[in-house]
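The values are calculated or read from the model by the stated rules, or taken from the named source; none is laboratory data. Because the structure is predicted, anything quoted here is derived from the model rather than measured. With ideal geometry, Cβ positions are generated from the backbone for all residues, glycine too; neighbour counts draw on all protein chains shown.
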Amino acid sequence: MAHPVENISSIKLAWAVSWSAFWTGFPFKLIVALLLLAGQVHPWEGAGLVTLLVVSVPIDIWAVGLTARTVFLERLGMEVRGPVGVSLWWEGAVLGALVLGSGYYAVGTTVAVGQKIAAAIIARIKNFYPKLPIAEQITLELLLWTIPAAIVLLVFVLVWLHLFGWRVKRFVMTSGQPSSASLLERVRQWDYARVPADPTLVLVSFAGVIVTLTVVFWVLLPVTTPTPHPDYPLPQVEKASKPVKPEELIKKTEANLEKAEAVLAALEKEKSKETKKRKGK
Amino acid sequence: MNAVFQKVYDFVDERIDLKTLEAKMMNEPIKGGSRWAYVFGSCLLFIFIMQAITGMLLMFYYIPSADHAYASTQYIIHEVDYGWFILSYHFWGSSAMVVMVFAHMSQVFLWGAYKKPREMIWLVGLVLFVIVMAFGFTGYLLPWDQRAYWATTVGVEIMDKTPLVGDFLARFLKGGPTPGQMTLSRFFVIHVMILPAALMGLAGLHLFFFRSAGPAGPFRGTPEELKAKTDFFFPRQVWKDIVAIAAVFMAICALAFIEPVQLLEQATPDPGDYHPEPEWYFLFLFQMLRWKIFSGEFGEVLGAVAIPGMFLLLLAALPFIDRNPERNIFKRPIALLSWTVVMIGILVLTVSAILNREFLE
Ligand code: HEM
């Protein structure tokens, strides 16, 4: 009988491990990034970035180990005694540096060349169709260079997945052994490995962590806007003290008084009319 | 402590049969076991609750009048303690809601969960989708700055083009010849009363239908495998939901820090050199309308009303057109291809709209 590992493609295996490992580690990295942001340190540059990367290493090692173990159990019926995360993470990282590093270069080149070619094609089209509207031109040009760039990127990702999957297979074949458990037991095993077994304890400790982080968060959080946007400053509403112009003021007052007099006269006239009417009756 | 808790529990249980209720809520069996793919609906509920909470906090200070809306929003951002954070959370929460609604729709589409017997869940879901988009549209006007005012002006003009009902709809929303106090009042009422009430009611119906039909479960695997993996809602699915919700919460907070809300100048009926633009999740439609075929009287109706309307109708008819019980997405090539084309189309048009900014004189 063929080893179950032989039946799964390297790309599928690597995808199953790395995709879930990414999402497993993500929330923990988010916590670190958020605390950095609340302390007004940018996690995408300088010391903030270094902190985030350093903290990410153990998180990723743990996440890769956990998801690889569950994938082995669920899909391959294999069990690994001993650590998993460190060796897989290490191989994945080296391969990533090599493949995705050169991929970065290749995609960059494709984008640069693609943009030039796209611009040339657009110029050609404009030669015999000068009225090419701008909205159509933008989308056409965008498609012309993003499609080749996306294909190149996809190829490099597939190469990385293929190589990583090959290493993962080697690893599980050399350090794993077939699990003797039934499907039912295996399902329990891998699900309990990913989700803590004692729900009450978990929910209580989860709530505890949330409360603690919330307190830390509100303490760090600045009370007023931390980054007034340079383009849209808060308009300083000036209590403009209007210069007093005596002549105008007098004229205005006189005009107002005249109006008031006219209104008064009109009212009196009306009143006298009414009294006359009543007398007439 | 535990004894007190037990006493309270027993007291309530004796009166409303809490144990049965709890068992019904938590012991829902999930065919094929818990999955991360099922977290999106719960995330949507969470985001909505947080929008309601932050929205109520904002209403403590916001004044829905053309004279004071702008100033009161500035006051929230610059003076109220943590006001900038609450407003920015609410703002980014609305984007998260739209992203999450697309994710949830994609999940149920790709899993074939709209098929018999879940057609009614899908139909109510579509109405919820329209409500989420309407929340975005009406909320955008409330700060009453140039961006708000002009996006609404353009949006209502587009609505005006709808045959038969367009004129009424536009007049109803505007409440006058030009956007003004009446428009603000109406958008405010729709945003804080009508839509929340509608969403709460329909989300309840959505969940009721969902619980009646039961979760669809994975789209592949032998019956015995699915049975072996079947699990209850509590604790493992609850755990996954909570982790996903925590991640969503943190992502919204992070965005609120990185890009807090800032207002443009107060709205005036003169755009100056400001180019109206809707919120980012409407940009793809906005950009499509710039195409030549969608210019002119007929083209505008086609692009702004007919095509989006037909698309929604097509989605509504989907469970009744696609009656093949096959749920595996890798065995439904047309479904997979359509989904990919729609997603890439939205992405490309959104990026095009951003690139298009440079060409506006
Ligand atoms: C505010 C918006 C919405 C909320 C709060 C919501 C909530 C939920 C929840 C909590 C579930 C349970 C299982 C799961 O999370 O997958 C669910 C399932 C479902 N939803 Fe929604 N939903 C919303 C919008 C939509 C939309 C826009 C659609 C599609 C047009 C949709 C279609 C469905 C379907 C078909 C299911 C059943 C999935 C299955 O059986 O696996 N929902 N929804």
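Considering (1) within 30 Å of B:S65 (Cα to Cα); (2) at pLDDT 90 or above, say which one B:P276 fails and leave the rest.
Status for B:P276: all satisfied but (2).
Output the residue which, of all residues in the range B:196-245 that are assigned to a loop (DSSP other than H, G, I, E, B) and away from the ligand (no atom under 11 Å from the Cβ), is surrounded by the fewest Cβ atoms within 10 Å (Cβ to Cβ).
So, considering only residues that are assigned to a loop (DSSP other than H, G, I, E, B) and away from the ligand (no atom under 11 Å from the Cβ), the one surrounded by the fewest Cβ atoms within 10 Å (Cβ to Cβ) is B:T222.
Given B:G83, B:G125, which one is crowded, with 20+ Cβ neighbours inside 10 Å and either touching a His at 6+ places or on another chain (Cβ under 6 Å) or away from chain A (no Cβ under 14 Å) (or both)?
Sole residue among the options that is crowded, with 20+ Cβ neighbours inside 10 Å and either touching a His at 6+ places or on another chain (Cβ under 6 Å) or away from chain A (no Cβ under 14 Å) (or both): B:G125.
Go through the range B:253-295 residue by residue and tally those that are assigned to a helix (DSSP H, G or I) and either within 11 Å of chain A (Cβ to nearest Cβ) or in contact with a helix residue (DSSP H, G or I) (Cβ under 6 Å, 6 or more places away or on another chain) (or both).
The qualifying residues number 15.
Restricting to the range B:33-71, count the residues that are within 14 Å of another protein chain (Cβ to nearest Cβ), away from the ligand (no atom under 16 Å from the Cβ) and surrounded by 20 or more Cβ atoms within 10 Å (Cβ to Cβ).
Within the range B:33-71, residues that are within 14 Å of another protein chain (Cβ to nearest Cβ), away from the ligand (no atom under 16 Å from the Cβ) and surrounded by 20 or more Cβ atoms within 10 Å (Cβ to Cβ) number 1.
Of the numbered conditions (1) within 12 Å of the ligand (Cβ to nearest atom); (2) of a type in the set (S, T, Y); (3) at pLDDT below 95, B:S106 fails exactly one; give the number of that condition.
B:S106 satisfies every listed condition except (3).
Does any residue in the range A:202-215 that is hydrophobic (A, V, I, L, M, F, W, C) come within less than 9 Å, Cβ to Cβ, of a residue that is surrounded by 12 or more Cβ atoms within 10 Å (Cβ to Cβ) and outside any helix (DSSP H, G or I) six or more places away or on a different chain, and which pairs are these?
From residues that are hydrophobic (A, V, I, L, M, F, W, C), the pairs are A:V202/A:V195; A:V202/A:P196.
Would you confirm, using the coordinates I've provided, whether B:I158 is more than 14 Å from every other protein chain (Cβ to nearest Cβ), away from the ligand (no atom under 16 Å from the Cβ) and in a helix (DSSP H, G or I)?
Here the answer is yes, as B:I158 does meet what is asked.
State whether the residues of the range B:22-31 include one that is within 13 Å of the ligand (Cβ to nearest atom), modelled with pLDDT of 95 or more and not in a loop (DSSP other than H, G, I, E, B).
no
Which residue out of A:A14, A:A38 is closer than 25 Å to A:R69 by Cβ, assigned by TED's automatic domain parsing to the domain that holds A:T174 and touching a residue at least 24 places away in the same chain (Cβ under 8 Å)?
A:A14
What's the number of the only condition in (1) within 11 Å of the ligand (Cβ to nearest atom); (2) over 23 Å from the mean Cα position of the chain (by Cα) that B:P179 fails to meet?
Answer for B:P179: the failing condition is (1).
Does A:E248 count as assigned to a helix (DSSP H, G or I), at pLDDT below 85, more than 9 Å from every other protein chain (Cβ to nearest Cβ) and loosely packed, with under 10 Cβ neighbours inside 10 Å?
Here the answer is yes, as A:E248 does meet what is asked.
Please verify whether the range A:52-59 includes one or more residues that are hydroxyl-bearing (S, T, Y) and within 19 Å of the chain's Cα centre (by Cα).
Yes, some residue in the range A:52-59 is hydroxyl-bearing (S, T, Y) and within 19 Å of the chain's Cα centre (by Cα).
Could you give every pair whose Cβ atoms fall below 9 Å, whose first residue belongs to the range B:210-226 and is more than 15 Å from B:V39 (Cα to Cα), and whose second residue is assigned to a loop (DSSP other than H, G, I, E, B) and more than 11 Å from the ligand (Cβ to nearest atom), counting only separations of at least 6 or pairs across chains?
Hits for this filter: B:F219/B:E326; B:F219/B:N328; B:R220/B:N328; B:L226/B:G33.
Would you be able to tell me the number of residues in the range B:32-64 that are hydrophobic (A, V, I, L, M, F, W, C) and part of a loop (DSSP other than H, G, I, E, B)?
2
Could you say whether any residue in the range B:184-192 is in a helix (DSSP H, G or I), farther than 30 Å from A:L34 by Cα and among the aromatic types (F, W, Y)?
Within the range B:184-192, one or more residues are in a helix (DSSP H, G or I), farther than 30 Å from A:L34 by Cα and among the aromatic types (F, W, Y).
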